[in-house]
1. Any idea which residue in the stretch 264-283 is modelled with the lowest pLDDT, counting only those that are assigned to a helix (DSSP H, G or I) and closer than 21 Å to residue 178 by Cα?
2. Please go through the stretch 238-255 and pick out each residue that is more than 23 Å from the chain's Cα centre (by Cα), in a helix (DSSP H, G or I) and of a type outside the set (Gly, Ala, Ser).
3. Between residues in the stretch 201-225 that are on the phi > 0 side of the Ramachandran plot and residues that are assigned to a strand (DSSP E or B) and buried (at least 23 other Cβ atoms within 10 Å of the Cβ), which pairs lie under 9 Å by C-beta distance while being six or more apart or on different chains?
4. Only one of (1) more than 23 Å from residue 117 (Cβ to Cβ); (2) in a helix (DSSP H, G or I) is not met by residue 258, so which one is it?
5. Where the second residue is among the aromatic types (Phe, Trp, Tyr) and the first is farther than 18 Å from residue 65 by Cα and lies in the stretch 148-166, which pairs have Cβ atoms under 6 Å and are six or more apart or on separate chains?
6. Touching a residue at least 60 places away in the same chain (Cβ under 8 Å) and not in a loop (DSSP other than H, G, I, E, B), is that true of residue 75?
7. Mind checking which strands (runs of 3 or more DSSP E) fall wholly inside the stretch 1-62 and carry at least 3 residues that are touching a Ser or Thr at 6+ places or on another chain (Cβ under 8 Å) and buried (at least 17 other Cβ atoms within 10 Å of the Cβ)?
Amino acid sequence: MRIFITGATGFVGGALARAFVSDGAEVHALARSSSSHQSLDGVDIHYHRGDITVPDSLKRVIAGADLVIHAAGRLGQAGVPEAAYEQVHVEGTRNLLEAVRATGSNPRVLHISSPGVLGPIDGEPATEDASYEPSNAYERTKAAAERVALEFAAEGLPVVIARPEFIYGPGDLHVLRLFEAVRNGRFLYIDGGKYFCHPTFIDDAVRGMRLCLSRGKPGAIYHVAGPREVTFRELGETIAQALGVRPPRVSIPRWLIRAGATGLEVAASLVGKTPPLTRTGAAFFSENRRFSWQRAHDELGYTPQTDLANGVARTVAWYREKQLL
């Protein structure tokens, strides 16, 4: 089995690459010259220099693949123009799928998206049929990329879309900042920590995405999420317990944190630095994000196995092993 992966040097793509290599698959990965392979040292991956924003670098390296996984993307970051997200998420997706189609071999494709394309969720957990309501540049361009993937699926390319939500676990360096904030007593609740998020442990996310790839219906969308949504208060307390520190206690109103984030962004832009908190970051902690994974369960057999306490404890153990906490 030959598998081609974009974004393999990232957290999610790397976890998928390790899983397939462990199963004996021949894994090929697209990597920019500036990408670091350090997190994948010792993993038998065939690297190819290229970039999803450079169409000519794609077709040759995709040829012969039985499965294609598109995990490349750009994380949300203050000061990045929307056009930069569009180039990676939208044009990059189009370039990749054009290259896949040009091979003529019609391999199955997994397009990794995000439930964030639905925006904040009030009420019951959102299903895949909810309308697009993106609220920032990252989400808008991910939604546009989904539309591109669905166009190719409608034209006969076997593309399946997975939407994994708020992935954390060993190997992650992005959510590490949240664990550091709790450890250092800097994590604050917004409106008492009443808003919901939906954490997904990396092992569950990988299992769910692989089921999407192997069993998903072309043109279908599947949410891959953890067992249940939790409040930020529960998340903060669970992290604190795993770290052996005092749980967060301070709470501030939503209007204040959003005003503060706006001010920090403006100030940071004036001196050319990255703000410690952005409006997008403030929104993440002050909006509800919860999603139903029932479709993935019914159609693919997906059931998340790792509860929050277990997943957080395993994550803390890895951070400490790597001397990151």
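The values are calculated or read from the model by the stated rules, or taken from the named source; none is laboratory data. Just so we're clear, the structure is a prediction, and the values are computed from it rather than from any experiment. Neighbour counts are summed over all protein chains in view; Cβ atoms, including those assigned to glycine, are modelled from backbone coordinates with ideal geometry.
1. Quick first cut of the stretch 264-283, residues assigned to a helix (DSSP H, G or I) only: 264-271, 279-283.
From what is left, the residues that are closer than 21 Å to residue 178 by Cα are 264-265, 268, 279-283.
On the way: 264: 79, 265: 77, 268: 74, 279: 80, 280: 80, 281: 80, 282: 85, 283: 86.
So, considering only residues that are assigned to a helix (DSSP H, G or I) and closer than 21 Å to residue 178 by Cα, the one modelled with the lowest pLDDT is 268.
2. Correct list: 241, 243, 254, 255.
3. 219/159; 219/160; 219/161
4. Condition not satisfied by residue 258: (1).
5. Close Cβ pairs (under 6 Å, with a partner that is among the aromatic types (Phe, Trp, Tyr)) amount to 162/222; 165/291.
6. no
7. Per the criteria, 26-31.
Matching residues to (1) at pLDDT below 95; (2) surrounded by fewer than 19 Cβ atoms within 10 Å (Cβ to Cβ); (3) more than 19 Å from residue 169 (Cβ to Cβ):
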{"site": "212", "(1), (2), (3)": "no, no, no"}
{"site": "215", "(1), (2), (3)": "no, yes, yes"}
{"site": "256", "(1), (2), (3)": "yes, yes, yes"}
{"site": "299", "(1), (2), (3)": "no, yes, yes"}
